[in-house]
Amino acid sequence: MDKAIPIDRREARVDIDGLRHGDRALVIHPDLHRRAKPAAGLHYRTPASRLEEACGLALAIDLEIAAAEVVCVSAPRPATLIGQGAVDRLKELIEEQSIALVVVDAAISPVQQRNLEQAWKAKVIDRTGLILEIFGERARTKEGQLQVELAALSYQRSRLVRSWTHLERQRGGFGFIGGPGESQIEIDRRLIDERIVRIKRDLEDVKRTRALHRRARKRVPFPVVALVGYTNAGKSTLFNRLTRSDVMAKDLLFTTLDPTMRRVRLPGG
């Protein structure tokens, strides 16, 4: 897959965490393993299958995929991960297709993210950022929402360097004779740290409550069965069939995040 592949458009909807449902997106998978041989007993997934999964993640939050492409990377570049030729070629595609968002199906550093955004004049997120966007939309329970926010803040804190193009310092007092104060990044980092501390404290309270419920369930003489598997493997569908429930089950990645429990009456009573 050396050329961009057009994919059906999807209807625009509402904003979520800086991404708009319906944003025109380019999904790229940097092929970093093409020249590497898998270790004994291991098999790499094909770049095409990994790109397909990345497109599924983008569709999970209703992004409009304008194009998708596997980009060969023989030697990762510290500045942009992919080669300069690919950066220039994709820049033309982004301008021609009026693409607002580029999803890079790999882990990219804050510096690489910032450099790509400057080169392409578009928002760039990596695989982790995209999954956090999905989690932020799908979490329903209080604990789930807190855990997602904690993960998102920790991720954001490490990437503050890309969020600001100016590092002017605020002066103390009224700004007339005061010395340099905190930079904007330092202020944001401090606010994020304070929020992280509060979330961890709230999570401890939630965990204590869940522990009480868990002990109460253990006192009931019934077995507990857990369904475990990768996303979109059919866990919710099987759960609904076994328990006659109506838990949301769709052919989408990470449709259900929060754990669900139901009582099942077996034929033998």
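The values are calculated or read from the model by the stated rules, or taken from the named source; none is laboratory data. As the structure is a computational prediction, the values presented were derived from the model and not from experiment. Quick reminder, even Gly has a Cβ in these numbers, built from the backbone with ideal geometry, and neighbours come from all protein chains shown. Accessible surface is based on the protein model in full, side chains and every heavy atom, while ligands, DNA and RNA are left aside. Shrake-Rupley method; radii C 1.70, N 1.55, O 1.52, S 1.80 Å.
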Notebook entry, point to check: Which of the residue pairs Lys123/Lys235; Lys142/Lys235; Lys142/Lys250 have a Cα-Cα distance greater than 25 Å in the structure shown?
Noted result: Lys123/Lys235
Item checked: Contact order normalised by residue count of the stretch 73-158, Cα under 8 Å, 6+ apart, percent -> 24 percent
Next item on the list: Report the net charge of residues surrounding Lys207, where surrounding means a beta-carbon distance below 12 angstrom and charges are Lys +1, Arg +1, Asp -1, Glu -1.
Entry: +2
Margin query: Once you place label points 7 Å from the Cα toward the Cβ at Leu160 and Ala233, how far apart are they in nm?
Written below: 3.9 nm
Margin query: Can you compute 3J(HN,Hα) from phi for each residue in the stretch 183-192, using the Karplus curve 6.51 cos²θ - 1.76 cosθ + 1.60 with θ = phi - 60°, rounded to whole Hz and x for Gly and Pro?
Written below: 6, 4, 5, 5, 5, 4, 5, 5, 5, 5
Note to self: With a 1.4 Å probe and all protein chains kept in place, how do Cys72, Cys55 rank by accessible area, largest first?
What the structure shows: Cys72, Cys55
Checklist line | Per-pair calculated FRET efficiency, R0 = 30 Å: Val206 and Thr243 via Cβ, rounded to 0.05 | finding: 0.75
Notebook entry, point to check: Between Lys250 and Ala75, what length comes free when the chain is fully extended (0.36 nm per residue of separation minus the Cα-Cα distance, one decimal in nm)?
Noted result: 59.1 nm
Next item on the list: Provide the FRET efficiency to the nearest 0.05 for the Val220-Glu92 pair, computing r from the beta carbons and using R0 = 41 Å.
Entry: 0.05
